[in-house]
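Beneath this line is the structure, given in structure tokens, with notes to follow.
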């Protein structure tokens, strides 16, 4: 299905096959990569997995890739002599340059910096400038390599939400090694290890149901649930996920779409006939639907109205007598959950 970008250009899906570098595929060997028009795919994996080389192949920076009409932002943002404002508009027509300024404002770049030298900008300021300039270009696709890496941790989620909002129908392939950034930036995620994509699918599905131990080691096992925010209490925010109310750390306004993210290792299980002990704010009744070995641990998927993944030891499985269909109570401390923009 085609989509239309902000420029009015008709877009088509991005399909790339037989991506290899070098010729023997020792760094990157991807049989097929497909992203629907206007879609957002995050390529996720550890350092050295081949993510940057894959993006460079798609951008045409290294030989052997397809021809993709895309604006490309490398991981390290470069600036040239001259003012920050001149650098922001570099290579853009007047309309695009005006849009770049609007985007830079959204990303938190202080307009007072525009008249000063670009080389005096901090790493985070350079990244904001480069991101605004890249997104202001007319190409229907953007390729972003670790676009939030130079930003302070406190600013990353705000800029990430503004980035997604600013795509305006463009498709995006985004490289990151950060699980929380992947959950904010991606609609789908492709897990890359050793130059190969091992699993690709919706973010929540891949993070909560890794297909094998290699994927589980790369992403961890996490719960990513979508919902709508409710009221706040101090540093905590609530989110309604189907029948569940989930509390976590967050500062989002009430009534907005959001995601809650917490690791499977943060989930505690209790027998279904007991009241959950401890101080966990989040407690839900459910039944065990899946049990499977993940390395030396057991992954348990509990149907609590929404699927919740937990990681336990074989000894805990035996002590709890967990089998498919067994009733359990799921407990997660609010401080272990993070509520982020969707």
Is it the case that the range 196-205 has a residue that's in contact (Cβ under 8 Å) with a residue 12 or more places away in the chain, buried (at least 23 other Cβ atoms within 10 Å of the Cβ), within 24 Å of residue 156 (Cβ to Cβ) and in the same structural domain as residue 18 (by TED's automatic domain parsing)? yes
Close pairs (9 angstrom Cβ cut-off, 6 or more residues apart or separate chains): at positive phi and at pLDDT 95 or above in the range 41-67, surrounded by fewer than 21 Cβ atoms within 10 Å (Cβ to Cβ) and not in a strand (DSSP E or B) anywhere: 50/27; 50/194
Answer yes or no as to whether residue 271 is touching a residue at least 40 places away in the same chain (Cβ under 8 Å), more than 30 Å from residue 43 (Cα to Cα) and either in the same structural domain as residue 33 (by TED's automatic domain parsing) or surrounded by fewer than 21 Cβ atoms within 10 Å (Cβ to Cβ) (or both). yes
Do we have residue 224 as touching a strand residue (DSSP E or B) at 6+ places or on another chain (Cβ under 9 Å), more than 22 Å from residue 31 (Cβ to Cβ) and modelled with pLDDT under 90 here? yes
When residues of the range 23-40 are filtered for being in a loop (DSSP other than H, G, I, E, B) and without any contact (Cβ under 8 Å) to a residue 24 or more places away in the chain, how many remain? 1
Counted residues in the range 41-73 being in contact with a helix residue (DSSP H, G or I) (Cβ under 8 Å, 6 or more places away or on another chain), outside any strand (DSSP E or B) and under 18 Å from residue 134 (Cβ atoms) come to 1
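The values are calculated or read from the model by the stated rules, or taken from the named source; none is laboratory data. Computed from a prediction, not measured in an experiment: that's the story for all the values here. Virtual Cβ from ideal backbone geometry, glycine too; neighbours counted across all protein chains shown.
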